[in-house]
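Undergrad: A single structure is presented below for examination.
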Amino acid sequence: MGVLFSDCIVLGVKQTRTYHGLLLLYKEKGYSSHDLVAKVRRLLNTKEVGHAGTLDPLAEGLMCLLIGEGTKLSSYILEQNKEYIAEIKLKKR
């Protein structure tokens, strides 16, 4: 598994800070939405991390992660329209 995003938090140091809000991360192909959530939970040392929409492991794109009190925004975000852009390559045999 490659680096999902920069691991800038010093490992081995217990987090004492509480985080709240919305975090936008680019999900690369091969990672599940759960992979990103689990990584952020570990880095921020909190269970209060969720996402506002799932991306297939074969898809890449922007994921909206909600942290702490930010999880209360999920209903507002999920009610909004979403846009998906796809690229399809056809091969002639």
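Undergrad: First select every other residue whose beta carbon is under 11 angstrom from the beta carbon of Y31; then total the charges, Lys and Arg +1, Asp and Glu -1.
TA: My count for the surroundings of Y31 gives -1.
Undergrad: List, in order, the whole-Hz ³J(HN,Hα) value for each residue of segment 57-64 obtained from phi through the Karplus relation with A = 6.51, B = -1.76, C = 1.60 and θ = phi - 60°; use x for Gly and Pro.
TA: x, 7, 8, 10, x, 7, 10, 9
Undergrad: Also, quick follow-up: V49: net charge of surrounding residues, Cβ under 10 Å, Lys/Arg +1, Asp/Glu -1, itself excluded?
TA: Residues close to V49 contribute a combined charge of +3.
Undergrad: Among the listed pairs K29/K72; K27/K82; K39/K82, which are separated by more than 20 Å between their Cα atoms?
TA: K29/K72; K39/K82
Undergrad: Classify segment 25-79: rounded, prolate or oblate, from the alpha-carbon gyration tensor (a ≥ b ≥ c, eigenvalue square roots; a/c under 1.5 rounded; otherwise prolate if a/b is larger than b/c)?
TA: Oblate, since a/c reaches 1.5 and b/c is not below a/b.
A short reminder: the numbers here are calculations on the coordinates, not readings from a lab. The shown structure was predicted, so the numbers you read here are calculated from the model rather than taken from an experiment. Positions of Cβ are backbone-derived with ideal geometry, glycine not excepted, and every protein chain shown enters the neighbour counts.
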